[in-house]
Amino acid sequence: MSETVLRVKDLRTQFALDDGVVKAVDGVDLEIGRGEVLAVVGESGCGKSVMARSILRLVDKPGRITGGEIWVRDPAGGGLVDLVPADVRTVRQVRGKRIAMVFQEPMTSMSPMHTLGNQIGEAILLHERVTKAEARERTIELLGRVGIPAPERRVDAYPFQMSGGMLQRAMIAMALSCNPELLIADEPTTALDTTTQAQILELLDSLRRDLGMAVMLITHDLGVAARLADRIAVMYLGSVVEHGDTASVFRAPRHPYTKALLGSVPKLGSGSRARLTPVRGMVPHAYQRPTGCPFHPRCEEFMAGRCEVTVPRPTAGPEPGREVRCLLYEDGGGSHKNAGLSKAGDSAGDGTGDSEGDA
Amino acid sequence: MLSFLGRRLGWMVITLWAVSLATFFIISLPPGDYVSTLQANAEERGEVMGPAEVAALRERYGLDQSFFAQYWKWISNILLHGDFGQAFAWNNQPVGDLIWDRVALSCFLSVATMLIIWAIAWPIGIYSAVRQYSPGDYAATLFGFIGMAVPEFMLALVLMWVGMRYFHLSPGGLFSPEYQDAAWNLGKLLDVANHLWLPILIIAVSGTAGGIRIIRANLLDELYKPYVVAARAKGLPEWKLLLKYPVRTSMSPFFSTVGWLLPGLISGETIISIVMNLPTTGPLMLGGVLSQDMYLVGSFILILSTLTVVGTLVSDLALAWWDPRIRHSYEGG
């Protein structure tokens, strides 16, 4: 892998609410190299957005990062710095400059009281030594670059005078303003209609290629992920259950959750009239986190006596760079912790292991 | 924008005309008039006013004419000559003079309390919202509830008593007895200041209490909007971000009520003024109502209505200046 721009290790973000603690992000490991596109996919409520916000320490109270490491390139130059214990100054220097973010709803993500030029230019003025006139020049240039017509007029427009698609372009321009090495796009197309969606994704893709910036694309749309991403990370209840390069994960998914997600997507032109198979059940309530493997109540390949007891650990393979968290793939040693606890464990594990080999 | 302004001004004139008519109608509604009040007072003293005397008085004040004739006489004098008529109960002094004499003090009181309220309520309100449910927020909330719940006159009475009993002050009134008839000098000025801080404080307490609650609520509405997070993601320092984005947006409701201060300038804090014996406009109006002094009361209500209507326009313009969304809706429509 090329030079790392972001390495997240065992990140944990929790919300201490009156009725209990919600573990929104529960041990996420991720790594993104320069110029790489990583798609983070999963159902609503699986912690994708909170994870993305945690990276820039943007989680509002009562949310709190309770553990883990977030390594990014040090804005002071040279080496990596961990943002979790870092002081506010360092975090602020990373925000917008090293890592920029594009949000879900362009309509509410810009202040209605300030012009586009004001809000975009602000980021430039904040991180770079430029005059106001230069910042304005660059803002106009950026607006043109993201495909906004008549940027020299639009620079003085207010967000409510723009369409959603145009605003999301402006948000992207704002994110690009200081040439970040990583762009976190948190469901950038969810609030837009399909045509506009395609245009925005096209734009992200071309910008990525032109500028060589890495992108973390948070989405629940597997099609989007397949089109843009080099690698993919599947999240379920706050942890990454499977990750690897997009092609191999989509071709041969290993985790039952990934399989279930792929099974719920219609395939164009496959000719089959088969019904779609949705993922069984619902995402469990945040307070009632299942024991063991968090996916076990919904899993098609649930192994009684093991899955509800043991928390699966990451298992590598078969291709390099792939990893899955599922007891199906943990070797016999995977169950050694609770060997005494589960009698049927080993045989069940072996059985499914074989059938998986055939698939 | 100009057409908007023109339309608004047109409506303002119509509104004021309707208000003046309604005002005059209402003050002439109660049975009897100023002369019958005079008559009753005379009878209380054991005197009797002859019918001739009564009729002469009625004619002199124009009270024997029809409603519309009286209205026309009143309104045309105001519009054409700036003459608000005479206050019967105040020795037929011109109403205008009576009111303007007291406006200075009323204005000073209103402006001073307003500035104090803003200066205290804004920082505390912002703090209270940003540190919601912190000890500081709870303290501000407690103060807010007490300040709003305790009636002003009660606070005034208690503080006056405390001032007299323990600090040997002479609260109430505008001057200490020794300066009552003295010419203006530094001593007299200090004496006035010494008398005014207490009413200002009392009026400011409830205003500040309400202000804190409103500012806190408005700001809490904005504080967690996506645009605040997006601005934070740009790397703005927290305090700068706070003032530029959520505070700025949360001030819109404030601007939409800023024009109401205008009638407040002249209405005079009636209750406090009566309790503390301050010669503002409030007690004057109350006296006018009690003695059925129709020109005095009518003029008062007309001036207050005018200021309210003008204030509303000022509010709308201030809001348009402050909030681009409003500005553009005016320009579009």
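Annotations for the structure displayed:
- Entries of A:K259/B:K234; A:K23/A:K132; A:K61/B:K244 with Cα pairs more than 32 Å apart: A:K259/B:K234; A:K23/A:K132
- Relative contact order of region B:43-107, pairs being alpha-carbon contacts under 8 Å that are 6 or more residues apart, as %: 13 percent
- Whole-angstrom gap from region B:113-144 to region A:190-212, using each part's C-alpha centre: 45 Å
- Net charge over other residues, Cβ less than 14 angstrom from the Cβ of B:S134 (K, R count +1; D, E count -1): +2
- Residue among B:G211, A:C178, B:S3 farthest towards the positive dipole end of the protein assembly as shown, charges placed on Cβ: A:C178
- Taking a ≥ b ≥ c as the square roots of the eigenvalues of the alpha carbon gyration tensor, chain B is oblate, as a/c is not under 1.5 and a/b does not beat b/c.
- Test item: B:222-230 mean partner chain Cβ contacts at 10 Å: 6
- Partners for B:K73 among aspartates and glutamates (Cα-Cα distance below 12 Å; same-chain residues under 8 apart left out): B:D83
- Cα gyration tensor shape of region A:88-188, rounded if a/c is under 1.5, else prolate or oblate by comparing a/b with b/c: oblate
- Backbone HN-Hα couplings from phi across region A:179-192 [Karplus 6.51/-1.76/1.60, Hz, Gly and Pro as x]: 6, x, 8, 9, 10, 9, 10, 8, 6, x, 10, 4, 8, 10
- Percent RCO, i.e. relative contact order, over region A:1-119, from Cα pairs under 8 Å lying at least 6 residues apart: 25 percent
- Tilt relative to chain B, helix B:135-149 - C-alpha long axis, 0 to 90 degrees, to 10: 10 degrees
- Helix-only [θ]222 nm of chain A, DSSP H runs n ≥ 4, -39500 (n - 2.57) each, per residue, nearest 500: -9000 deg cm²/dmol
- Across peptide B:247-258, the mean count of Cβ atoms from other chains lying within 10 Å of each residue's own Cβ comes to 1.
- When the charge dipole of the protein assembly as shown is built from unit charges on Cβ atoms (+1 for Lys and Arg, -1 for Asp and Glu) and taken about the Cα centre, the candidate among A:Y287, B:V275, B:G32 whose Cα reaches farthest toward its positive end is A:Y287.
- Each Cα pair under 8 Å and six or more residues apart adds its sequence gap; the mean of these over the residue count of chain B is a relative contact order of 26 percent.
- Partner chain coverage, peptide A:111-123 - average Cβ within 10 angstrom: 4
- Solution diffusion estimate, µm²/s, Stokes-Einstein, the protein assembly as shown, Kirkwood Rh from C-alpha pairs, 20 °C, viscosity 1.002 mPa s: 68 µm²/s
- Selected from A:T196, A:M213, A:A226, residue furthest toward positive end of dipole (region A:191-260; charges at beta carbon): A:A226
- A simple count of charges around A:V5, restricted to other residues whose Cβ falls under 11 Å of its Cβ and scoring Lys, Arg +1 and Asp, Glu -1, yields 0.
- Summed residue charge, Cβ within 14 Å of A:K61's Cβ, Lys/Arg positive, Asp/Glu negative: +1
- Tilt relative to chain B, helix B:186-223 - C-alpha long axis, 0 to 90 degrees, to 10: 50 degrees
Readers should treat all values here as calculations from the given coordinates under stated rules, not as data from a laboratory. Computed from a predicted model, the values in this text were never measured in an experiment. Positions of Cβ are backbone-derived with ideal geometry, glycine not excepted, and every protein chain shown enters the neighbour counts.
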